[in-house]
Amino acid sequence: MDSMQLAVVVGAGGMGAAVARTLAADYRILLVDIDEQRAAAVADELREGGGCVDTAQCDITSPDNVAALVERIGRQGGVRVLAHVAGLSPTMGDFDTIIRVNLTGAALMSDALLPHAVPGAAAILISSLGAHVCGFDDGVLSVLRDRASSEDLPDELRGLVGAERADSNMAYQLSKFGLLMLARRRAKDWGTRGGRIVSLSPGLIATPMGAKEFANNPAKRRLFDLSPQKREGTMDEIADVVAFLASDKASFLSGTDILVDGGLSGALSDVPFDAMRKAAR
Ligand SMILES: NC(=O)c1ccc[n+]([C@@H]2O[C@H](COP(=O)([O-])OP(=O)(O)OC[C@H]3O[C@@H](n4cnc5c(N)ncnc54)[C@H](O)[C@@H]3O)[C@@H](O)[C@H]2O)c1
């Protein structure tokens, strides 16, 4: 068991737990979440199934928390996989919080872990279908590209999109698009260490978070009706793609996004852009 390489899974919610469960077959897992009890409960379940799992409490938006976590990881040897799953849906926070958790948190975590990446390492950042149905001007793109870990990121983005448009839906799309840019931008750095970084964009996935979005967002139901397979994806379908992306079978995949949406974005090509961007998150 000790010879297993380390996979850091950030986020112990629905999808994070599924990812950790799948990766636990091949890696020892460090499961990270702001909610210590949630991570501990998932870890207990995985240990019962034979997994080698440790947990860490960390607020990914806090540079100090991330630095302390990474110092601990550094003492344990290198990292083979970062599966960064933690994130907030639009109903779970305001503009600033969603930007900070979804984008700044992922940037802080992936940048801090990079010096500990072993050759062959892979970082997988969970984005969203929402990142594929939005468009931003050059000013926004340049801030998303260059300032993802800045404390001022929410204010800078609000200034650029305008206060009246800066709601939690806009924050979600900005943050998830920012993850696509982060994977592209950091591919060179990860490559220098013999590693890779990609983003993965799930479509509608049956998670407790997804269920909340269905309850609070009628546009989501309309989106479901348009889905080619007339179903949500499962958390295991996402976890299996994460496991593939983490493995050497994906050794030439870096700096790009993998869209895992059952064909929904393709089916949306007939839908007017504004309706689509309101619905697809
Ligand atoms: N469910 C879907 O349909 C769907 C679709 C597309 C993308 N996604 C994305 O998938 C990811 C996971 O979704 P989920 O359903 O597992 O969500 P979830 O809410 O079940 O889990 C998210 C986890 O992130 C943790 N977290 C929140 N803020 C944190 C912080 N500051 N520091 C550390 N941890 C923090 C929470 O405690 C929680 O355990 C999210 O990024 C979401 O945007 C979900």
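Is it true that SER150 is hydroxyl-bearing (Ser, Thr, Tyr) and under 18 Å from VAL85 (Cα atoms)?
Numbers: hydroxyl-bearing (Ser, Thr, Tyr): yes; under 18 Å from VAL85 (Cα atoms): no.
Answer is no for this residue.
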>> Condition (residue is in a helix (DSSP H, G or I), over 14 Å from the mean Cα position of the chain (by Cα) and among the polar types (S, T, N, Q)) applied to the range 167-189: is it met by at least one residue?
In response: yes
>> So, in the range 193-211, exactly how many residues are over 16 Å from the mean Cα position of the chain (by Cα) and under 23 Å from LYS249 (Cα atoms)?
In response: 3
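Name the one entry in SER62, SER89, SER110, SER128 that is near the ligand (Cβ under 9 Å from one of its atoms) and in contact with a strand residue (DSSP E or B) (Cβ under 7 Å, 6 or more places away or on another chain).
Working: SER62 fails: in contact with a strand residue (DSSP E or B) (Cβ under 7 Å, 6 or more places away or on another chain); SER89 fails: in contact with a strand residue (DSSP E or B) (Cβ under 7 Å, 6 or more places away or on another chain); SER110 fails: near the ligand (Cβ under 9 Å from one of its atoms).
After applying the criteria, what remains is SER128.
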>> Looking for something under 25 Å from ARG145 (Cα atoms), at pLDDT 95 or above and assigned to a helix (DSSP H, G or I) - is there at least one such residue anywhere in the range 197-211?
In response: no
>> What pairs come out if I take residues in the range 124-153 that are within 23 Å of ILE60 (Cα to Cα) and pair them with residues that are among the basic types (Lys, Arg) whose C-beta lies under 7 Å away, six or more apart or interchain?
In response: SER127/LYS176; SER128/LYS176; SER128/ARG281; GLY130/LYS176; GLY130/ARG281; ALA131/LYS176; ARG145/ARG185; LEU153/ARG147
> When PHE136 is evaluated against the numbered criteria (1) touching a Gly at 6+ places or on another chain (Cβ under 9 Å); (2) not in a helix (DSSP H, G or I), which criterion, by number, is the only one it fails?
Replying inline: (1)
> When only residues in the range 11-41 that are within 8 Å of the ligand (Cβ to nearest atom) and among the acidic types (Asp, Glu) count, which is nearest to LEU200 (Cα to Cα)?
Replying inline: ASP33
> Does the range 233-257 hold any residues that are surrounded by 20 or more Cβ atoms within 10 Å (Cβ to Cβ) and assigned to a loop (DSSP other than H, G, I, E, B), and which are they?
Replying inline: SER254
>> Please go through (1) in contact (Cβ under 8 Å) with a residue 60 or more places away in the chain; (2) buried (at least 18 other Cβ atoms within 10 Å of the Cβ); (3) within 16 Å of the ligand (Cβ to nearest atom) for GLY195 and return the number of the only condition it doesn't satisfy.
In response: (3)
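Considering only the range 65-86, how many residues are assigned to a loop (DSSP other than H, G, I, E, B) and within 13 Å of the ligand (Cβ to nearest atom)?
Taking the range 65-86 and keeping what is assigned to a loop (DSSP other than H, G, I, E, B), we get 76-78, 85-86.
Filter again for within 13 Å of the ligand (Cβ to nearest atom), leaving 85-86.
Qualifying residue count, the range 65-86: 2.
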>> Take the residues in the range 17-38 that are assigned to a helix (DSSP H, G or I) and more than 17 Å from the chain's Cα centre (by Cα); name whichever of them is surrounded by the fewest Cβ atoms within 10 Å (Cβ to Cβ).
In response: GLN37
>> Going residue by residue through the range 1-10, is there one that turns out to be under 18 Å from MET235 (Cα atoms), more than 11 Å from the ligand (Cβ to nearest atom) and without any contact (Cβ under 8 Å) to a residue 40 or more places away in the chain?
In response: no
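Can you say whether ASP44 is out of contact with any Asp or Glu (no Cβ under 9 Å at 6 or more places or on another chain), more than 10 Å from the ligand (Cβ to nearest atom) and over 22 Å from GLY77 (Cα atoms), as far as the supplied structure shows? Steps first, answer last, please.
Values: out of contact with any Asp or Glu (no Cβ under 9 Å at 6 or more places or on another chain): yes; more than 10 Å from the ligand (Cβ to nearest atom): yes; over 22 Å from GLY77 (Cα atoms): yes.
It is true that ASP44 is out of contact with any Asp or Glu (no Cβ under 9 Å at 6 or more places or on another chain), more than 10 Å from the ligand (Cβ to nearest atom) and over 22 Å from GLY77 (Cα atoms).
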> Within the range 215-250, which residues are touching a residue at least 24 places away in the same chain (Cβ under 8 Å), more than 20 Å from the chain's Cα centre (by Cα) and closer than 26 Å to TRP190 by Cβ?
Replying inline: ASP248
>> So ARG80 passes all but one of these: (1) under 17 Å from GLN5 (Cα atoms); (2) among the charged types (D, E, K, R); (3) out of contact with any strand residue (DSSP E or B) (no Cβ under 9 Å at 6 or more places or on another chain). Which condition number does it fail?
In response: (3)
> Taking GLN173, is it surrounded by fewer than 16 Cβ atoms within 10 Å (Cβ to Cβ), at pLDDT 90 or above and within 15 Å of the ligand (Cβ to nearest atom)?
Replying inline: no
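The values are calculated or read from the model by the stated rules, or taken from the named source; none is laboratory data. Every value quoted in this text rests on a predicted model; they were computed, and no experiment measured them. Using ideal geometry, Cβ is built from the backbone for each residue, glycine included, and neighbour counts are taken over all protein chains shown.
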